[in-house]
Amino acid sequence: MLGFHPTDDKTIADWTQITNYFSKLDAGSNRVAVKEIGKTTLGKPLIVAFISSPDNIKNLERYRRMSAKLADPRTIKDAAELDDLIKNGKTIVSISCSIHSTEIVASQMSMNLAYELATANDDDTKEILDNTILLLIPSSNPDGIDIVANWYRKTVGTKSEGTSPPELYHHYAGHDDNRDWFMLNLAETQSITKLFWQEWFPQLVYDVHQMGSTGPRFVIPPFFDPPNPRVPPSILREVGLVGYKMAADLQAKNIAGVATNTTYDTWWHGGFRSAPYFHNSIGILSEAASSDLMSPVTITKEQMQRARPLRGLDSPLTTNTAHPDAWEPGVWSPRDIAEIEMTSSRALLSLAAKYRARYLRNFYDLGSANLKPDPNVPQAYVVMAGQPRAETVARFLEILLAQGIEVHEMTKELWVKHNKTEGFHEIPLGSFLVFLNQPQKNNVLSLFEKQEYPHRVNEKGEAEVPYDVAGWTLPLQMGVETYEVWDIRDLEKYRNAIKRVEHANQAKAVLNLPQSGTPFPKLSNPLKTSPKIGLYKPFTSSMDEGWTRWVFDAYQIPFRSISNEDFRAGRLDYDVIVLAADNESTIVNGLSELRYPTEFAGGIGETGVANLKKFVEGGGKLICFDDSCELAIKRFGLPLRNVLSGLKRNEFYNPGSIVKLKVDTRSPYAKGMLEDTPAYFITSSAFEVLSPGLSRLTPPEGGTQNEPVRVVATYADKDALQSGWMLGEKYLNGKTALAEVAYGKGKIVLFAFRPQHRGQTFGTFPFIFNALEK
């Protein structure tokens, strides 16, 4: 069918081949049913293969309803019905492959796993098929599979063999497509979230990944500290149990280099395997050492000695309790990766089958526990009526509803307490309530409350680097006004005045917004003028550029991408040019010609920098996000400096947190903004404005002396941290976060932070829109 065995060296199946393979497996096996669950960002079919016994496949809808009942204990009428569900239900397991498309082997392995389950007749396979229903997702990023497959085929046998494509492997998000699992900006995330948390409610979710080549061969649970306090302890124990089962089965096959208790933690919410924790499900991540796409690599001892130390594992060459059998350096191939992933997948399925009743009971118990009164958390959160950005409020509510969170509309004014000590306050008609006594309680808390990441430093006082970000509080990021509700006066009396919101259009009607025929529709273009906008698109696969494109497309803002060649040739006929958060070297130098063809090598070059200067001098506006401010400050001689540059991790560190800005609301860049505005800081910048006499920077050749910097926003003078973790806040307090600098006849707008971070920071999008205006 394919002309090769999946996972063979230097072979690769694209998405059409993979979907054709699964279609034929569906047609030829009564153990497999393939369904399309949506379209990708670029319009490809997103599929899931249901794999189970023939009888289970015939009765999929029955078992789906049983799992949905277990997910919401309120729908189960008595103990007898519960016993029947646990006795006759099936463990729902999802295995998803290659969301990061350069981590390509799992997508190829998925065909082998499906074939084996569809054809094998051994006792273990029969037990898996009888007791589980597998939702196998060959890839949650099909667009990227084709991007990688096309690039790999083009470059095999050349100097570029095994390199990453010179474009994002997700149209908007690249690697960040696995950072969208509470935000739901992407088509793929939306479809799979619906499959999981509105329809099937899997008890176990396994996300199959790869990592760098020179570390351990395989990293699996238990994970490293810290755990998120909203993840139930029983979930953490079950995650560890699955990981140890995988490790034991791999060790039984004499597969070395398997590590646990390292690198990855359970703090952050928004990943494929971490979001399930907040849905009462067990999320598993594995990370296999990579080959060069589908080409084998030879790993030397010297390379492994130079490997970056991991949290919990100083060297892949050493052994300890969590890494008892180090791998001997040598050849590492896609086949090696596939064998590990197949063994781990079978280990997971074996556990799910043997302990079916236990997993179903635990799943029910977790949901049931969330329905019990808890004096340590609010009774509800209220989303206030009358907020100025109704579209953003509607999107916020749609995000909650889409992942199964219950939202209620207030059809009458209510009196509530915002904390335990104050009196009652009136909440206006048209507000929304999100109660905590629902199966999604932990998800609600994790999204609404402020995160307080543990203060973790080493013996040198250096901040320990978390796996991902430290804070993500959704109302703060989106600029949506919410409050805790600790008590509602006469709640039972007014219970009928609190109406369940069944769908997003119901919320939009309350907000006086037009109805939409599709989920997550495009948003209204906020611009009052029609500037010609150019966005620099490098070949270095800039995720920040991708998220900027997402914002422009989501708000229907016309723009054109600007290439390296456009910069070099001076084709800059725009009113506004935007540089996303890429550093000076990346923009100027780009990809190395040692590994990439000439058409993709290099950046805008010195000629491009000179043409950019001419663009601004001639009256153009340059907007820089975060890292790209470095280029503007250095190359344009601007009187600012990043005060955080050069600080060590024992002096300042902020790995991804929400901070408070103080905004000059008189500025046209701050139109519609509040004086206190939350912004997202992720290893970002903080500027000090230099007087001309102090500046070591000089005006451009032939230019005039720079005018004083107009500061639009600063970081708060104190208590700037709003959610997450920050070490050494004093270095940031009071420093410039957003400024405009006049340059020749033009202007340069410098954002020290990322106002469009991962498409999540709706609260700071208006800064961008205001800056784009003519």
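Points to keep in mind about this one:
- Here the relative contact order of the chain, from alpha carbon pairs under 8 Å that lie six or more residues apart, stands at 11 percent.
- Amide H to amide H, with H built 1.01 Å from N, residue 259 comes under 5 Å of 218, 219, 220, counting only residues 5 or more places away or on other chains.
- For residue 560, nonlocal amide neighbours, meaning residues 5 or more places apart or on other chains whose placed amide H falls under 5 Å from its own, are 533, 534, 535.
- Heavy-atom accessible surface of the chain: percent carbon and sulfur, 1.4 Å: 48
- Helical contribution to [θ] at 222 nm, DSSP H n ≥ 4, -39,500 (n - 2.57), averaged over the chain, rounded to 500: -9000 deg cm²/dmol
- Charge sum, other residues only, whose C-beta stays under 14 Å from residue 254's C-beta, Lys/Arg counted +1 and Asp/Glu -1: -3
- For residue 210, nonlocal amide neighbours, meaning residues 5 or more places apart or on other chains whose placed amide H falls under 5 Å from its own, are 288.
- Computed from phi, the 3J(HN,Hα) profile of the stretch 731-739 under the Karplus parametrisation 6.51, -1.76, 1.60 (θ = phi - 60°) reads 5, 9, 3, x, 7, 6, 10, 8, 8 Hz, with x in place of Gly and Pro.
- Student exercise, the chain dipole from Lys, Arg, Asp, Glu Cβ charges, in Debye to nearest 20: 1100
- Heavy-atom accessible surface of the stretch 71-205, averaged per residue, reaches 28 Å², computed with a 1.4 Å probe.
- The phi-based Karplus calculation (6.51 cos²θ - 1.76 cosθ + 1.60; θ = phi - 60°) puts the 3J(HN,Hα) values of the stretch 327-343 at 7, 7, x, x, 7, 10, 10, x, 4, 4, 4, 4, 4, 5, 5, 5, 4 Hz, whole numbers, x for Gly and Pro.
- Three-way shape call for the chain based on the alpha-carbon gyration tensor, with the a/c threshold at 1.5: oblate
- Sites residue 62 and residue 115 - FRET efficiency at Förster radius 30 Å, r taken between beta-carbons, to 0.05: 0.70
- Within the shell defined by Cβ-Cβ distances under 9 Å, the residues around residue 441 carry a net charge of 0, with Lys and Arg each +1 and Asp and Glu each -1.
- Dipole of the stretch 188-333, positive direction: furthest Cα of 246, 304, 222, with charges on the beta-carbon: 222
- Electrostatic dipole magnitude of the stretch 359-424 [Cβ: Lys, Arg +1; Asp, Glu -1; Cα centre; debye, to 20]: 140
- Placing R0 at 22 angstrom, the Cβ-Cβ distance between residue 88 and residue 369 gives a FRET efficiency of 0.40 after rounding to 0.05.
- Among the listed pairs 648/747; 621/745; 450/718; 460/735; 44/90; 87/126, those whose Cα-Cα separation exceeds 21 Å are 648/747; 460/735; 44/90.
- Check: the stretch 436-508 dipole with +1 on Lys, Arg Cβ and -1 on Asp, Glu Cβ, in debye: 480
- Using a probe of 1.4 angstrom and keeping all protein chains present, the accessible surface of the stretch 326-442 works out to 37 square angstrom per residue.
- Computed from phi, the 3J(HN,Hα) profile of the stretch 641-656 under the Karplus parametrisation 6.51, -1.76, 1.60 (θ = phi - 60°) reads 9, 7, 6, 8, 4, x, 6, 7, 6, 8, 9, 9, 7, 8, x, x Hz, with x in place of Gly and Pro.
- Contact order relative to length of the stretch 219-344, as percent, for alpha carbon pairs under 8 angstrom and 6 or more apart: 31
- Peptides 612-623, 334-345 ordered by average Cβ neighbours within 10 Å, highest first: 334-345, 612-623
- For the stretch 278-405: relative contact order, % (alpha-carbon pairs under 8 angstrom, 6 or more apart): 23
- Length available on full extension from residue 122 to residue 494: 0.36 nm per residue minus the Cα-Cα distance, which gives 128.0 nm.
- Packing-based order for 471-479, 54-62, 765-773, using average beta carbon neighbours within 10 Å, highest first: 471-479, 765-773, 54-62
- Using the average count of surrounding beta-carbon atoms within 10 Å as a protection proxy, the listed peptides 36-47, 103-114, 487-498 rank, highest first, as 103-114, 36-47, 487-498.
The values are calculated or read from the model by the stated rules, or taken from the named source; none is laboratory data. Quick caveat: nothing in here was measured; it's all calculated off a predicted structure. When we count neighbours, we look across all protein chains shown, and the Cβ atoms used for this are built from the backbone with ideal geometry, even at glycine. The protein model used for the area step is the full one, side chains on, heavy atoms only, and it has no ligands, DNA or RNA in it. Shrake-Rupley method; radii C 1.70, N 1.55, O 1.52, S 1.80 Å.
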